[in-house]
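Input: a single structure, listed below in structure tokens.
The values are calculated or read from the model by the stated rules, or taken from the named source; none is laboratory data. Predicted, not measured: the structure shown is a model, and the values here were computed from it. Ideal geometry is used to build each Cβ from the backbone, glycine not excepted, and the neighbour counts take in all protein chains shown. Ligands, DNA and RNA are stripped out before the accessible areas are found, and what is left, the full protein with its side chains, is counted by its heavy atoms. Shrake-Rupley method; radii C 1.70, N 1.55, O 1.52, S 1.80 Å.
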Amino acid sequence: EALLQAILQNTTTLISAYDLKGRFVHVNRRFEELSGKTAAEVCGHRPGELFPREQAATWEANNQRVLAQGKALEHEETAVQPDGTHVYSCVTAPLLDDSSCAIGIVSVATDISEYKRVEAALREADQRKDEFLAMLAHELRNPLAPIRNAVHLLKHLGPPTPELVRLREMIDR
């Protein structure tokens, strides 16, 4: 029991457990830190009684889905916290007794906000690169067209000397 409590309380993920009526029965230290509410304030209450309506509705809907499907659900959630908006990768699963009957729900959430910011920055940089390459290709077509025409004309002018052929092939490449 002490080992389990040490793990639950010292992990960097948010862990919460609910009864079948959707009331909190456990939150870990990280949940307390990020929500600004203690376990004593949270336990015995439904999310809708304590947290912003939209956020609580998402939690409660996911909990109901898990109970209806009887299996774990992997999903992302957005939560507004005192230091800003965070995105979490979550696993919500039914808690089962020895006879495989649901007795509650557990949710484990890992903050992936920084990954999402980096992903968005990479997507934006990739889009800018694509726009630059499209513009560069367009701009290069204009001066290359007359050079191409000149190479074509050089093929039809006078007798081909070895030097003229070598220069024409170099320009053509």
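Quick notes on this one:
- Every pair of residues 6+ apart whose Cβ atoms lie under 6 Å, when the first sits in region 1-24 and is of a type outside the set (Asp, Glu) while the second is modelled with pLDDT under 90 and open to solvent by 40 Å² or more (accessible area, probe 1.4 Å): none
- Every residue from region 76-101 that is out of contact with any Gly (no Cβ under 9 Å at 6 or more places or on another chain) and surrounded by 16 or more Cβ atoms within 10 Å (Cβ to Cβ): Glu77, Ala79, His86, Val87, Tyr88, Ser89, Cys90, Thr92, Ala93
- The number of residues in region 96-126 being within 24 Å of Phe51 (Cβ to Cβ), outside any loop (DSSP other than H, G, I, E, B) and among the aliphatic types (A, V, I, L, M) comes to 6.
- Residue count for region 38-47, restricted to those that are more than 19 Å from Pro94 (Cβ to Cβ) and open to solvent by 50 Å² or more (accessible area, probe 1.4 Å): 4.
- Some residue of region 112-122 being hydrophobic (A, V, I, L, M, F, W, C) and within 23 Å of Glu33 (Cα to Cα): yes
- Long-range neighbours under 6 Å by Cβ, at least six apart or interchain, first residue of a type in the set (Asp, Glu) within region 94-111, second open to solvent by 60 Å² or more (accessible area, probe 1.4 Å) and in a strand (DSSP E or B): Asp97/Ile103
- All positions within region 126-139 that are open to solvent by less than 90 Å² (accessible area, probe 1.4 Å) and closer than 27 Å to Glu77 by Cβ: Asp126
- Of all the residues in region 1-37, those that are surrounded by 11 or more Cβ atoms within 10 Å (Cβ to Cβ), hydrophobic (A, V, I, L, M, F, W, C) and farther than 17 Å from Asp83 by Cα number 8.
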